[in-house]
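Step one of this worksheet: look at the structure below.
Coordinate-derived values only; no laboratory data. Keep in mind the model is a prediction, meaning the values are calculated, not measured. With ideal geometry, Cβ positions are generated from the backbone for all residues, glycine too; neighbour counts draw on all protein chains shown.
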Amino acid sequence: MLQIKDIDVYYGSIHALKKLYLEVEQGSIVTLIGANGAGKTTTLNTISGILRPRNGTIMYKGTDITKVAPEKIVGLGISQVAEGRRVFSTMTVVENLEMGGYLRRDKKAIQTDMEMVYSRFPRLQERRKQLAGTLSGGEQQMLAIGRALMAQPELMLMDEPSMGLAPLLVKEIFSIIKDINERGTTILLVEQNANMALSIAHKAFVIETGEIVLQGTAEQLLKSEDVKKAYLRC
Amino acid sequence: MQELIQQLVNGLSLGAIYALIALGYTMVYGIIKLINFAHGDVMMVGAFVGFFSITLLGTNIAVAMLIAMAVCALLGVIIEKVAYRPLRNSTRIASLITAIGVSLLLEYLTIFLLGPNQKIFPDTAFTVKAYDIAGLSILNKDVFVFVSAVGLMLVLQYIIKYTKTGKAMRAVSLDNEAAILMGISVDKTISTTFAIGSALAAAAGVMVGVYYGAINPLMGIIPGLKAFVAAVLGGIGIIPGAMVGGFVIGLLETLVSGYGNSLYRDAVSFGVLILILLVKPTGLFGKDTGEKV
Ligand SMILES: Nc1ncnc2c1ncn2[C@@H]1O[C@H](COP(=O)(O)OP(=O)(O)OP(=O)(O)O)[C@@H](O)[C@H]1O
Ligand SMILES: [Mg+2]
C-alpha cells in the first residue's frame, strides 16, 4: 500500500533521514520504533507531505505522492494522528471532529461517522460541547484519534499515541488501535514503547539517527537481542 | 448626567468604526502573526471606492459600501499574495517592514492618482439629520454607522463560529500544522482571512466618509493606529477583544474631547497603548497562561 524508497530529508543542513525505506502492506499494522530524535516524526511528516524529501520516492496505492500537497494527501486517504495530540484547544470536541472531516461533503455520512466515533469513545460524547484544551491527556488522545478517523482514512499514521499516558490508558489506546486495524484501516504506528507496539504489530522497522537499521516481523524483533538491549528495557 | 449619556451615544458610532478596523488587524495577526500596517490604508481605499461609487455610478450608500467591501476584499487578497506570502517563512521584521512599505505604496499611489486634496463625501448620498429622543440629540449618521457596524460584526461572529470556513480559520490560527493534517488549505484560509478583514475595513472607510464628511489619501493612518491600539487593548488575535477594544477607544476619545480638550483626543489612545503594554501586554482578554497540552 505504501512504499518509501530511499528518501533523504533535511532540516536546513541537518540530514534527518538518510536513504530511508519503509513498506506498509494493506491491512497490516506496521510499527516504526526508535529512540528520541531518531527521525520517526520526520518520517511521518514526510509521508503527510509537510516535509519534502530531497531524493527518493513515496508511492501510495501505486501512485507517486512524493510531491503531492499535504491537503491532497489527506484526500487520498492518509491521515495522521500527530505527536502530542495537537487538538484545537479552544474549539469544542464536536468542532475538532468536524475539522477531521473537513474535506468531506457527505453530510449524512459525516454524521454517521461522528456517531461511530462517539460509540467508540463515549467520553467524547459526554464532553462534545467542551473545549478540547480542557480534556485530560487520555481524552485528548482519543479525540485526536477520533478526529483522524473522521477523514475515513485507509492508512492511518500514528505518532507516539501512548506518550505521557498512564499504563492503563496505554493499554486501552493500543486495543483501540488494534480494533481500528481489524475494521480495515492500515496503520503505521510510531512508538518508543517498543514492547507494546510489537505486541500488536505485524511488521516492524527500527530507525536510528535517520536510518533503518533493522526490520522484520514483530515476532522476529521481539526475539532479537539487539532490539531487546536497546528498546525493551522494561 | 444627560450630557454624559449624550457623549456616550456620540462615542458609540466612533467606537464601532474602530472596532471594525481592529477586527482586521486582530484576525490577520491571529492567523499569520503579522501586524498588517497597511490595514488602515485599505480602509482609505474603501472610502474612495465608496466615494466614486456614489459620485460616478450614482449608487446609494448601502450599495457603495458593498462595492467598497468587494473591491477591498480583492485588494486584501492581492496584498497578501504578492507582498506577504513570499515572506511567510522569513523573519517577522521583514514582513513588518514590507507591511509598512505596502502602506506607503497605497497612500502615495492614491495621492499620485487622485491628488493629495480631501474630497467631500457627497451629502446627496447621506443627508444628515438630527432627532430629538428623550432629550438626547441623535444624528441619523451615528445610527447608520452603529447599526451597520454592529450588523457586520454579527455576520462576522456567525461566520467564525458556525461556518466551515470560520472553523478552518480558527483551526489554522490555533495550530496551522495540525490544520494542514486535516486537509485544510492554509493558503486559502489565509486569503479568506485577508478578504474578510479588508472588507470590514472598507465598510469602516465608507462609514468614516459619512461620519466626518470628508476623505483623503492619508485618512487611514490615524484611525488605523487607533484601531491597532484597540486590537492590542482587547488582546491581539482575540476577536471579541478587538470589538470591545474598539468601543473603549471610541468612547474614551469622545469623552476626552467632550470634557477635556479635543487636542488630547489622539494622545489618549496612545496613552492607553503605553499603559496596556506596561500593565497587561496580553490585553484585556488575553490569557497569560499557556493551554494544557
Ligand atoms: N524543525 C526542525 N528543525 C531542525 N531540526 C529538526 C527539526 N525537527 C526535527 N529535527 C531534528 O531531526 C532529527 C529527527 O527528529 P524527529 O522529530 O523526527 O525525531 P523523533 O524520532 O520523532 O523523536 P521523538 O521520539 O523525540 O519524537 C532530530 O535530530 C531533530 O533534532
Ligand atoms: Mg517524534
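Details
- Residues in the stretch B:253-274 that a label on B:Ser137 would reach, taking backbone N under 16 Å of a point 7 Å out along Cα→Cβ: B:258-259
- Taking the Cα centre of the protein assembly as shown as origin and assigning +1 to Lys and Arg Cβ atoms and -1 to Asp and Glu Cβ atoms, the resulting dipole is close to 340 debye.
- DSSP-assigned coil residues among trypsin sites (Lys or Arg not before Pro) in the stretch B:71-120, each with at most 15 further Cβ atoms within 10 Å: B:Arg88
- Among A:Thr41, A:Thr217, A:Thr112, the residue with the largest mean-square fluctuation in a Gaussian network model of chain A, with springs joining Cα atoms closer than 10 Å, is A:Thr112.
- Mean residue ellipticity, 222 nm, helices only, the protein assembly as shown: the sum of -39500 (n - 2.57) across DSSP H runs of n ≥ 4, divided by residue count and rounded to 500, is -18000 deg cm²/dmol.
- Modelled FRET efficiency - R0 60 Å, A:Lys5 with B:Glu3, Cβ distances, 0.05 increments: 0.15
- Among B:Ile180, B:Ile67, B:Ile17, residue whose mean-square fluctuation peaks in a GNM of chain B (springs only between Cα atoms under 10 Å): B:Ile180
- Think of each Lys and Arg Cβ as +1 and each Asp and Glu Cβ as -1; about the Cα centre, that makes the dipole of chain B roughly 640 debye.
- With contacts taken as Cα pairs under 8 Å at a separation of at least 6 residues, chain B carries a relative contact order of 36 percent.
- Fraction in percent of alpha-carbon pairs per bin - 5 Å, chain B: 1, 6, 12, 17, 19, 17, 13, 8, 4, 2, 1, 0
- Equivalent ellipsoid dimensions for the stretch A:2-231 as semi-axes, Å, which come from the Cα gyration tensor, largest first: 28, 21, 16
- Sequence-distant lysines (8 or more away, or on other chains) whose Cα lies within less than 23 Å of B:Lys167: A:Lys72, A:Lys107, A:Lys108, A:Lys129, B:Lys33, B:Lys81, B:Lys188, B:Lys287, B:Lys292
- Residue-wise HN-Hα couplings along the stretch A:117-129, as the Karplus relation 6.51 cos²θ - 1.76 cosθ + 1.60 with θ = phi - 60° gives them from phi, are 5, 5, 6, 6, 10, x, 4, 5, 5, 4, 9, 5, 8 Hz; Gly and Pro carry x.
- The largest-to-smallest principal axis extents of the Cα set in the protein assembly as shown are 88, 47, 46 Å.
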